[in-house]
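K.L.:
Attaching a single structure in structure tokens format; questions to follow.
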Ligand code: NAD
């Protein structure tokens with residue numbers, strides 16, 4: 001067996017090495033999948049109530065240890081401590097929802113139909129089997145919770161591969177799963193180079209479903225991998241969310257929602273406002289107030305009290321954000337606030353001042369590619385149809401936002417915008433209760449709510465014969 005190497009975990013604010021985790025070799029990863037396959041029959045055979053008691057306990061343990069987990073998260077990911085605590089609470093919610101939703105889903109047919117002649121059709125949901133998940137660094141606990149909770153509750157087993165930059169949260173969650181009573185082998189967390197993991201996950205004969213959250217670019221690679229054994233995929237990919245402020249909107253409320261959407265996690269979220277479209281009549285006052293809000297945000301280390309915007313994850317993230325600002329300015333956009341680095345004592349040069357750009361042409365890079373930084377680019381529109389056309393022109397469809405006081409316009413736009421998630425006067429729409437996911441190259445499948453549990457189930461149709469038919473049907 002080849003020796004395992006080591007992955008160093010760095011604090012993104014300071015560059016300090018805070019831990020090392022094993023870079024597992026192919027054989028060790030295969031063993032994790034063998035364990036997941038071996039543990040499946042016993043786990044699946046338990047009553048759903050038994051499994052859900054463990055799943056619910058895991059949610060409680062996350063809440064019990066919220067402070068400790070948040071500190072680990074801030075150290076390896078950089079986000080402000082208060083946001084890290086919020087993420088832990090959000091993650092716990094997925095265990096609560098899975099524990100609540102799985103029993104009715106698995107103990108009765110989803111539907112029964114009685115046909116003439118006494119025939120009966122039943123639709124049953126059954127655990128898919130052994131699964132794998134690959135998660136990103138921007139929400140290092142919640143993105144695992146969205147996958148692990150439904151897997152455990154439905155009776156699947158799972159091998160988890162967190163991002164190399166944030167394995168400590170995943171390992172802390174794994175220890176809590178063990179404490180909650182998840183048997184060895186049912187949930188295994190492995191740390192390794194990602195393409196090695198994918199090679200094993202897609203070739204292991206037991207794996208029936210791979211759930212991925214990350215970039216559309218890597219999603220495409222996984223689609224190609226999945227073709228070999230025709231493994232089902234769940235894909236939560238990138239976004240380029242439009243944030244539309246109609247002329248009847250409450251400007252202060254729209255600014256507050258936009259700032260919450262844009263600047264949390266230093267703009268490193270898949271659903272954050274990426275293309276802000278403001279009606280011509282409100283553009284100037286919206287920009288002025290958003291800039292005031294942006295410049296009031298406190299930039300600093302996530303662990304420092306009062307910090308509202310932390311560092312970007314790495315130098316590439318900083319370079320991408322700065323490239324987008326320079327590109328927008330070169331195309332005639334106006335820098336209203338920010339656009340410069342902020343020096344934070346004892347830290348690396350990875351802090352970008354919250355930035356507002358006005359009169360941004362829709363041809364600018366920041367309107368065409370995901371930003372993943374604290375940059376709010378604003379463009380004007382005059383007609384509602386024009387805003388919808390710009391919004392839907394993007395090759396993504398994760399989240400979209402509309403600010404308006406008119407409920408019928410809100411209803412219309414909620415249907416017309418090409419997105420899996422629409423926030424109406426709401427810049428932070430995620431909830432463990434509701435299905436989260438995208439359309440177009442933003443992904444396949446949903447996480448959260450009862451729909452998120454169905455991703456870990458196979459549907460089976462059972463037909464119970466009545467009187468034999470005359471003739472027959474295919
Ligand atoms: P990424 O695709 O580079 O990495 C995500 C995960 O994929 C990590 O675990 C990484 O190790 C792994 N990975 C990288 N290369 C791989 C390969 N060749 N084979 C297998 N796995 C591989 O994404 P990122 O840039 O680190 O994360 C940010 C992206 O995630 C953004 O595009 C963001 O929009 C997206 N995201 C989407 C959602 C959602 O729910 N739709 C949520 C959070 C983040």
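K.L.:
Identify, from the list 405, 446, 382, the residue that is more than 30 Å from residue 119 (Cα to Cα), out of contact with any helix residue (DSSP H, G or I) (no Cβ under 8 Å at 6 or more places or on another chain) and modelled with pLDDT of 95 or more.
P.N.:
The match here is 405.
K.L.:
Filtering segment 107-133 down to residues that are in contact with a helix residue (DSSP H, G or I) (Cβ under 7 Å, 6 or more places away or on another chain) and more than 18 Å from residue 39 (Cβ to Cβ), which residue is surrounded by the fewest Cβ atoms within 10 Å (Cβ to Cβ)?
P.N.:
So the residue we want is 107.
K.L.:
Say we look at segment 188-219 and pick out the residues that are surrounded by fewer than 18 Cβ atoms within 10 Å (Cβ to Cβ) and more than 10 Å from the ligand (Cβ to nearest atom); which of these is nearest to residue 152 (Cα to Cα)?
P.N.:
206
K.L.:
Also, I was wondering about something else. Among what's in segment 1-24 and is in contact with a strand residue (DSSP E or B) (Cβ under 8 Å, 6 or more places away or on another chain) and assigned to a loop (DSSP other than H, G, I, E, B), pick the residue that is surrounded by the fewest Cβ atoms within 10 Å (Cβ to Cβ).
P.N.:
16
K.L.:
Pick from segment 166-184 the residues that are closer than 27 Å to residue 438 by Cβ and either without any contact (Cβ under 8 Å) to a residue 60 or more places away in the chain or assigned to a helix (DSSP H, G or I) (or both): which of them is farthest from the ligand (Cβ to nearest atom)?
P.N.:
173
K.L.:
What pairs can you find where one residue is in segment 377-399 and within 11 Å of residue 439 (Cα to Cα), the other is part of a helix (DSSP H, G or I) and at pLDDT 95 or above, and their Cβ atoms are less than 7 Å apart, with a gap of 6+ or different chains?
P.N.:
Hits for this filter: 395/440; 395/441; 396/440; 396/441; 396/442; 397/440; 397/442; 398/442.
K.L.:
While we're here: In segment 37-132, which helices (runs of 4 or more DSSP H) lie fully inside it and hold 3 or more residues that are within 21 Å of the chain's Cα centre (by Cα) and not assigned by TED's automatic domain parsing to the domain that holds residue 232?
P.N.:
none
K.L.:
Let me ask something else about it. So, in segment 361-373, exactly how many residues are surrounded by 24 or more Cβ atoms within 10 Å (Cβ to Cβ) and either away from the ligand (no atom under 16 Å from the Cβ) or closer than 21 Å to residue 283 by Cβ (or both)?
P.N.:
Adding up the residues that qualify gives 3.
K.L.:
For segment 415-428, what are the residues that are in contact with a strand residue (DSSP E or B) (Cβ under 8 Å, 6 or more places away or on another chain) and either over 21 Å from residue 441 (Cβ atoms) or in contact (Cβ under 8 Å) with a residue 40 or more places away in the chain (or both)?
P.N.:
Passing the criteria: 417, 419, 421, 423, 424, 425, 426, 427.
K.L.:
So, in segment 416-425, of the ones that are touching a helix residue (DSSP H, G or I) at 6+ places or on another chain (Cβ under 6 Å) and in a loop (DSSP other than H, G, I, E, B), which residue ends up farthest from residue 246 (Cα to Cα)?
P.N.:
That would be 418.
K.L.:
Kindly evaluate residue 287 against the criterion of being closer than 28 Å to residue 422 by Cα, more than 16 Å from the ligand (Cβ to nearest atom) and surrounded by fewer than 24 Cβ atoms within 10 Å (Cβ to Cβ).
P.N.:
Against the criterion (closer than 28 Å to residue 422 by Cα, more than 16 Å from the ligand (Cβ to nearest atom) and surrounded by fewer than 24 Cβ atoms within 10 Å (Cβ to Cβ)), residue 287 qualifies.
K.L.:
Same structure again: Among the residues of segment 133-165, how many are assigned to a loop (DSSP other than H, G, I, E, B) and either modelled with pLDDT under 95 or within 8 Å of the ligand (Cβ to nearest atom) (or both)?
P.N.:
The number of residues fulfilling the criteria is 9.
The values are calculated or read from the model by the stated rules, or taken from the named source; none is laboratory data. Quick caveat: nothing in here was measured; it's all calculated off a predicted structure. Backbone-built Cβ (ideal geometry, glycine too); neighbour counts: all protein chains shown.
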